[in-house]
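To keep things clear, I will list the structure first and then write my remarks on it.
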Amino acid sequence: MREKIMEPLYKQKVVSCSQMKELEKEADTAGLSYYQMMENAGSEAVKIILHQCAGPKNAVIFCGKGNNGGDGFVTARKFLEKDLDTTVVLVEGEPVTEDARTNYGMLDDEIRIFSAEDFLCRMGQEQADILVDAVYGTGFHGSLRSPADRIIAYFNEAKGFKAALDLPSGLSGDMENGEKAEMCVKADLTVTFHAKKPVHLCEAAQDFLGIVVTADIGIGQALENGEKQK
């Protein structure tokens, strides 16, 4: 009986959050920088969102302070390039990771930037055509903190098309069957990067994910090229 040969990790369709971090590290070593992965993630997310949502005029991107927020800043830049009136909401303040800070600094002056409190007080009644959740990524564990819980409540009650980057904020990326979903974003579309995570297959998460689309951010090609050069 032949032993089944496992595909390399970078070719697998579903990976855990820790495996995803390993793949990102390997891709960075192979020449695809973390910065470029973030740029690719935001760029691909905008293409996928606009394919699903016809004729939008404006977008609001809710950004956390980590790399998921960094993906959101790239997304904001790309929406502006598509002539959408674009707003960024800093849900937990300014970013703290290097590449997220870099992309925050690249935001055009035409992009409106609000704190969570200012947005809820001053802008909360405005209707957005597109709302993007870039608050928490695969590193999230535990319970939502304020004001993220209030932002997510606003997000879920809003009327526009709702997209989540990587996974809906409030869910664990490694969520498995048998676990319950607590308060979290309810998206029409989830754009996950490189490969699905366990949460995307979890039965309890299905009502929150919407359509799940996997975006190619260059990791597979970078690692395949690296293997060829060995």
- Query: All but one of (1) at pLDDT 95 or above; (2) open to solvent by 30 Å² or more (accessible area, probe 1.4 Å); (3) part of a loop (DSSP other than H, G, I, E, B); (4) out of contact with any Asp or Glu (no Cβ under 8 Å at 6 or more places or on another chain) hold for residue 186; which doesn't?
  - Reply: (4)
- Might you let me know whether the stretch 75-84 holds any residue that is more than 17 Å from the chain's Cα centre (by Cα) and surrounded by 15 or more Cβ atoms within 10 Å (Cβ to Cβ)? yes
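Would you check if residue 138 is open to solvent by less than 20 Å² (accessible area, probe 1.4 Å) and either assigned to a loop (DSSP other than H, G, I, E, B) or of a type in the set (Val, Ile, Thr) (or both)?
Details: open to solvent by less than 20 Å² (accessible area, probe 1.4 Å): no; either assigned to a loop (DSSP other than H, G, I, E, B) or of a type in the set (Val, Ile, Thr) (or both): yes.
When the stated conditions are applied, residue 138 does not pass them.
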- Residue hits (the stretch 169-183; of a type in the set (S, T, N, Q) and open to solvent by 10 Å² or more (accessible area, probe 1.4 Å)) are 172, 177
- Scanning the stretch 77-100 residue by residue, the ones that are more than 19 Å from residue 154 (Cα to Cα) and of a type in the set (A, V, I, L, M, F, W, C) total 5
- Hey, among the residues in the stretch 145-161 that are assigned to a loop (DSSP other than H, G, I, E, B), more than 14 Å from residue 115 (Cβ to Cβ) and open to solvent by 40 Å² or more (accessible area, probe 1.4 Å), which one's modelled with the highest pLDDT? 159
- Message: Looking at the structure I just gave you, is residue 65 under 30 Å from residue 147 (Cβ atoms), of a type in the set (Lys, Arg) and open to solvent by 40 Å² or more (accessible area, probe 1.4 Å)?
- Response: yes
- Message: Restricting to the stretch 30-54, and then to whatever is in contact (Cβ under 8 Å) with a residue 60 or more places away in the chain and assigned to a loop (DSSP other than H, G, I, E, B), can you tell me which residue is nearest to residue 101 (Cα to Cα)?
- Response: 32
- State all residues of the stretch 113-135 that are surrounded by 18 or more Cβ atoms within 10 Å (Cβ to Cβ) and charged (D, E, K, R); if no residue qualifies, say none. 133
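Output yes when any residue across the stretch 192-206 is closer than 16 Å to residue 162 by Cβ and open to solvent by 20 Å² or more (accessible area, probe 1.4 Å), and no when none is.
Scanning the stretch 192-206 turns up at least one residue that is closer than 16 Å to residue 162 by Cβ and open to solvent by 20 Å² or more (accessible area, probe 1.4 Å).
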- Query: Taking the stretch 8-57, which residues are open to solvent by 60 Å² or more (accessible area, probe 1.4 Å) and under 28 Å from residue 82 (Cα atoms)?
  - Reply: 34, 35, 36, 47, 51, 52, 54, 55, 57
- In the stretch 99-112, which residues are open to solvent by 20 Å² or more (accessible area, probe 1.4 Å) and outside any loop (DSSP other than H, G, I, E, B)? 99, 101, 102, 104, 105, 112
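The values are calculated or read from the model by the stated rules, or taken from the named source; none is laboratory data. None of these values were measured; they are calculated from a predicted model. Cβ: placed from backbone, ideal geometry, glycine included. Neighbour counts: every protein chain shown. To get the accessible areas, we keep the full protein, side chains included, count just its heavy atoms, and leave off ligands, DNA and RNA. Shrake-Rupley method; radii C 1.70, N 1.55, O 1.52, S 1.80 Å.
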